[in-house]
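K.L.:
After the structure tokens below, expect a handful of questions from me.
The values are calculated or read from the model by the stated rules, or taken from the named source; none is laboratory data. All figures in this text were calculated on a predicted structure; none of them were measured in a lab. Here the Cβ positions follow ideal geometry from the backbone for every residue, glycine too, while neighbour counts run over all protein chains shown.
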Amino acid sequence: MPNMIRTHRDEALPKGWRLVFLRETDSTNEEIKRRRNSDPGEGFVIVAGSQTAGRGRRGRSWESPEGNLFLSIRLRQSAQGVADSASLSFIAALALLDAFSSMAPALDVALKWPNDVLVSGAKVSGILLETDTPWIIVGVGVNVLHRPQVTPTNYPVTSLAEQGISFSALDVASFFCHALYGRLRQWREEGFVPIRQAWKSKACGLGGSMVANLPDGSSVCGIFSDLDADGALVLHNEAGQHRILAADVFFG
Ligand code: BTN
């Protein structure tokens, strides 16, 4: 493939992980699935300089201009199967938060359910998990230099550059991979409990009112009271308790 570069940054990755950089691809999630036989195993990372068909959550597209980070990593499912993908969504979000906090300790960084990272209250990254049995593909996009022109949910967006953070996309990838490695080890050794606790300690809006726009077009308003053991958002209102598994959420 003419646009493929083997990077010299392998030392910047956790032990045993491998990274391939592509100047451009359709979607790093798609690319990593195509390589399940040629580049097998856990810890295989693809970073692209830009994407021509970047995918977001809920069937949306993801703007993918050069200068931002587009990364996918292949991880092993454990015995828990389906529950893994819920856990990994929070693990990846926490790892991004850890990475940004290491890069810029004074940064105002928080988490928004299910897996967005907010900097100064605005979305700076997105995570898309897809299964490729027996693997889970964790796709991560970070607005390093640019913020998107179009914001499908009208939620405020930002970029690291706009927040005064000047790291290259590959540097962000390296910080993220090390943070992800640490969170994965914690999860595999101690289970979801400390991950959930850490996520909640950085969650935006916990205890406050929230509107969840559900995939069927309906909305639920209530108090964001918890993240349950399966990763569902728990909202309370006069009708009782609602467990929400998929939604776009907005703070009231
Ligand atoms: C979201 O909608 O918030 C999730 C966006 C995920 C985008 C990343 S960029 C790298 C990987 N490849 C894709 O096509 N999507 C994910």
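K.L.:
Which one of the conditions (1) at pLDDT 95 or above; (2) under 12 Å from the mean Cα position of the chain (by Cα) does Val47 fail to meet, given that it meets all the rest?
P.N.:
(2)
K.L.:
State which residue is nearest to Ser209 (Cα to Cα) when the search covers only the range 94-134 and only residues that are of a type in the set (S, T, N, Q) and within 10 Å of the chain's Cα centre (by Cα).
P.N.:
Here the residue is Asn115.
K.L.:
I'm trying to understand the selection: among the residues of the range 194-211, which are in a strand (DSSP E or B) and in contact (Cβ under 8 Å) with a residue 60 or more places away in the chain?
P.N.:
Across the range 194-211, the qualifying residue is only Ala203.
K.L.:
I'd like to check which strands (runs of 3 or more DSSP E) are fully inside the range 212-252 and have at least 3 residues that are under 23 Å from Ser87 (Cα atoms), under 21 Å from the mean Cα position of the chain (by Cα) and touching a residue at least 60 places away in the same chain (Cβ under 8 Å).
P.N.:
Once the strands (runs of 3 or more DSSP E) in the range 212-252 are filtered for at least 3 residues that are under 23 Å from Ser87 (Cα atoms), under 21 Å from the mean Cα position of the chain (by Cα) and touching a residue at least 60 places away in the same chain (Cβ under 8 Å), what remains is 248-251.
K.L.:
Condition first: part of a loop (DSSP other than H, G, I, E, B), out of contact with any Lys or Arg (no Cβ under 8 Å at 6 or more places or on another chain) and either under 30 Å from Arg34 (Cα atoms) or within 14 Å of the ligand (Cβ to nearest atom) (or both). Now tell me which residues in the range 155-172 satisfy that.
P.N.:
Phe167, Ser168
K.L.:
Right, something else. Which of the residues belonging to the range 90-109 are surrounded by fewer than 20 Cβ atoms within 10 Å (Cβ to Cβ) and either in a loop (DSSP other than H, G, I, E, B) or small (Gly, Ala, Ser) (or both)?
P.N.:
Ser101, Ser102, Ala104, Pro105, Ala106, Leu107, Asp108
K.L.:
Only one residue in Thr158, Thr131, Thr153 is of a type in the set (S, T, N, Q), modelled with pLDDT under 95 and closer than 22 Å to Gly205 by Cβ. Which one?
P.N.:
Thr153
K.L.:
Going residue by residue through the range 129-139, is there one that turns out to be within 14 Å of the ligand (Cβ to nearest atom), more than 17 Å from Gly43 (Cα to Cα) and touching a residue at least 60 places away in the same chain (Cβ under 8 Å)?
P.N.:
For the range 129-139, residues within 14 Å of the ligand (Cβ to nearest atom), more than 17 Å from Gly43 (Cα to Cα) and touching a residue at least 60 places away in the same chain (Cβ under 8 Å): absent.
K.L.:
Now a separate question. Of the residues that make up the range 66-84, is at least one in contact (Cβ under 8 Å) with a residue 12 or more places away in the chain, part of a loop (DSSP other than H, G, I, E, B) and of a type in the set (Gly, Ala, Ser)?
P.N.:
yes
K.L.:
Now for a separate question. For the range 85-108, state whether one or more residues are at pLDDT 95 or above, under 26 Å from Phe192 (Cβ atoms) and in contact with a Cys (Cβ under 7 Å, 6 or more places away or on another chain).
P.N.:
No, the range 85-108 has no match at all.
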